[in-house]
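First comes the structure, then the notes that go with it.
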Amino acid sequence: MNEPSAPRVRFAPSPTGRLHIGGARTALFNWAFARRHGGVFLLRIEDTDHERSKPEYERAILEGLRWLGLDWDEGPDVGGPHAPYRQAERLDLHMAAAARLAAQGSAYRCFCSAERLEQLREQQSARKAKPGYDGLCRSIPKDVAQRRVDAREPNVLRFAVPQGETRFLDLIRGDVTFQNTEVDDWVMVRTDGGPTYNFVVVCDDTAMGITHVLRGEEHLTNTPKQVLLYRALGCEPPRFGHFPLMLGTDGKKLSKRTGDTALEDYRDRGFPVEAVLNFLCLQGWALDGKTEVFGVDELIANFDPAQVSKAGSIFDVDKFMWMAGEYIRMDTLERVAERCAPHVVASGQLTADEIHTRQSWYRAAVATEKERIRTYAELPERIAYLFHPDDGLVFDAKAEANARKQLGDGALVHAYLDWLRPKVAAGVDAAALRDGTKAWLAERGAKFPALFQPLRCALTGEPGGPDLFDVMALLGSERTLTRLGHGIARLQTPVAT
Ligand code: GLU
């Protein structure tokens, strides 16, 4: 695709809620597009909905974008040549544009009451007609309208949709044509003087020199209104591209039913940020059709909105979890340990100080699970057995049943413990014990499970988990011996009926 050398794109969230995962993808794709072409990525806060906009949402959105590693060249916090970057602070500019549009006849005052509009809607729905304003106030002469405005009669400013059809070339969807009759005379400025989204977005995108509007498909129905407004303002519309909806595995719009929808939920659930970025890339875009695991560098080097698919992308949380696990497996132990730490602290297993002072022990514990966990938050549950009392471990029912079965009369395990105890008491050398145990079993022609299932149950209470000699090393001599003593004795006690 031939692109201007320096596109100017924007991410324009409304601070009326947490950053949606779909919004995060929109931001990521815009950012990558700007970075690829040496353009400008700007952040504009669309806070014209006074009631629902909250500073804490704005803060959370910025924090979420920063967590993703995105940076913006212009924005409310960094300033820029087109400040202010909060829409509510640009009201004067919006009102000047409204006055100009009204003066040239592209917009008109409407005095219809809420009751009349309600009646109109009812009649339209009875006729199964498309709901929309019927243009009654269009015919009021300008001077009459002005007198009524001066007399403080409640009114709204409506856009006067011209006749004909409107076309635009969507970078993703191709040629889009719509009949102007499909668009009613929409409200630009409400009775309370507040401008509406479709109006201000065009004012600000024009003023900020936006060359490409890349956003979610949910805005496709707004685009006709906006294209007509650009024309009325005498401006060439930017190029548009609408990213496909993100769908749940049920094929419906992504919702809480099929997975978390806010970016911060994934951060809090301990997804590696690299996995989040990678997974967002795959929502409607593909690197080469086969490589699934790749980083943002590849996105920047290759992202082309024209390659984004039109079809809704499936947001499959199971696949997301798999990808998160892949990133944890690929990462260094040091970093995984560091990123797991807040979750371990939150679980109450260790304090931040303890993690610091017992760093090598903590890392060894993380190492036993690094290949298995899919998110950082999964670690505490996996290593919980290490923090339980040595003389009162909770046995998983299945683990205990299997252990009892393998134990039989206990002769093999006791003979092994006689061999093991002095070695463990002298200090746990996992590698030496592993080799020694293999040889010990081979000499007796005994099978692994006969030994390991009772031992695992006694040491961890779990049916599965890390290598038993690594577990012994983590527990240390004393705790290993205590657990083995208590555990094996318990497994030989008849089950109370
Ligand atoms: N404020 C709009 C939203 O959050 C932005 C739409 C646009 O990009 O034009 O959905």
Among helices (runs of 4 or more DSSP H) completely within the stretch 262-380, the ones holding 3 or more residues that are under 21 Å from the mean Cα position of the chain (by Cα) are 263-268, 273-281, 296-302, 317-330, 333-347
State all residues of the stretch 97-116 that are among the hydroxyl-bearing types (Ser, Thr, Tyr) and buried (at least 16 other Cβ atoms within 10 Å of the Cβ); if no residue qualifies, say none.
Ser106, Tyr108
Scanning the stretch 261-278 for residues that are of a type in the set (Val, Ile, Thr) and within 16 Å of the ligand (Cβ to nearest atom) gives Thr261
Under the condition of being among the acidic types (Asp, Glu) and part of a loop (DSSP other than H, G, I, E, B), which residue from the stretch 409-463 is nearest to Asp390 (Cα to Cα)?
Glu462
When you check Glu218 against the structure, is it at pLDDT below 95 and within 16 Å of the ligand (Cβ to nearest atom), yes or no?
yes
Can you pull out the residues in the stretch 55-92 that are small (Gly, Ala, Ser) and farther than 25 Å from Leu299 by Cβ?
Gly79, Ala83, Ala88
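A quick yes/no check of all residues on (1) free of Cβ contacts under 8 Å to residues at least 40 places away in the same chain; (2) within 12 Å of the ligand (Cβ to nearest atom):
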residue	(1), (2)
Val176	no, no
Thr181	yes, no
Asp184	no, no
Gln226	yes, yes
Leu245	no, no
Taking Gln119 and the conditions (1) assigned to a helix (DSSP H, G or I); (2) buried (at least 17 other Cβ atoms within 10 Å of the Cβ), which numbered condition does it fall short on, given that it satisfies the others?
(2)
State all residues of the stretch 166-220 that are among the small types (Gly, Ala, Ser) and touching a Phe, Trp or Tyr at 6+ places or on another chain (Cβ under 7 Å); if no residue qualifies, say none.
Gly216
Can you name the condition, by its number, that Tyr230 falls short on among (1) among the aromatic types (Phe, Trp, Tyr); (2) buried (at least 18 other Cβ atoms within 10 Å of the Cβ); (3) within 15 Å of the ligand (Cβ to nearest atom)?
(2)
Residues within the stretch 381-405 that are assigned to a helix (DSSP H, G or I) and within 30 Å of Thr332 (Cα to Cα), tallied
7
Residue check, Glu51 under 29 Å from Glu153 (Cβ atoms) and acidic (Asp, Glu)
yes
What about Thr258, is it at pLDDT below 95 and within 13 Å of the ligand (Cβ to nearest atom)?
no
Strands (runs of 3 or more DSSP E) wholly in the stretch 140-249 with at least 1 residues that are among the basic types (Lys, Arg) - which ones?
156-159, 165-170, 212-216, 239-243
Kindly list, by first and then second residue, each pair from a residue in the stretch 12-38 that is at positive phi to a residue that is modelled with pLDDT under 95 and more than 14 Å from the ligand (Cβ to nearest atom), limited to pairs with Cβ atoms under 7 Å and residues at least 6 apart or on different chains.
Gly38/Ser5; Gly38/Ala6
Only one of these conditions is not met by Glu338: (1) over 14 Å from Arg363 (Cα atoms); (2) of a type in the set (Asp, Glu); (3) without any contact (Cβ under 8 Å) to a residue 12 or more places away in the chain. Which number is it?
(1)
How do the strands (runs of 3 or more DSSP E) wholly within the stretch 1-114 filter down when requiring 3 or more residues that are within 15 Å of the ligand (Cβ to nearest atom): which remain?
8-11, 40-43
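Condition check ((1) surrounded by fewer than 15 Cβ atoms within 10 Å (Cβ to Cβ); (2) modelled with pLDDT of 95 or more; (3) over 25 Å from Glu369 (Cα atoms)) across all residues:
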| residue | (1), (2), (3) |
| --- | --- |
| Lys423 | no, yes, yes |
| Ala430 | no, yes, no |
| Ala439 | yes, yes, yes |
| Ala450 | no, no, no |
| Gln453 | no, yes, no |
| Leu459 | no, yes, no |
| Leu468 | no, yes, no |
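In the stretch 203-212, which residue that is touching a residue at least 40 places away in the same chain (Cβ under 8 Å) and within 13 Å of the ligand (Cβ to nearest atom) is farthest from Glu51 (Cα to Cα)?
The qualifying residue farthest from Glu51 (Cα to Cα) is His212.
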Determine whether the stretch 189-202 contains at least one residue that is more than 28 Å from Ala103 (Cα to Cα), free of Cβ contacts under 8 Å to residues at least 12 places away in the same chain and away from the ligand (no atom under 15 Å from the Cβ).
no
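The values are calculated or read from the model by the stated rules, or taken from the named source; none is laboratory data. This is a predicted model, so every value here is computed, not measured. Backbone-built Cβ (ideal geometry, glycine too); neighbour counts: all protein chains shown.
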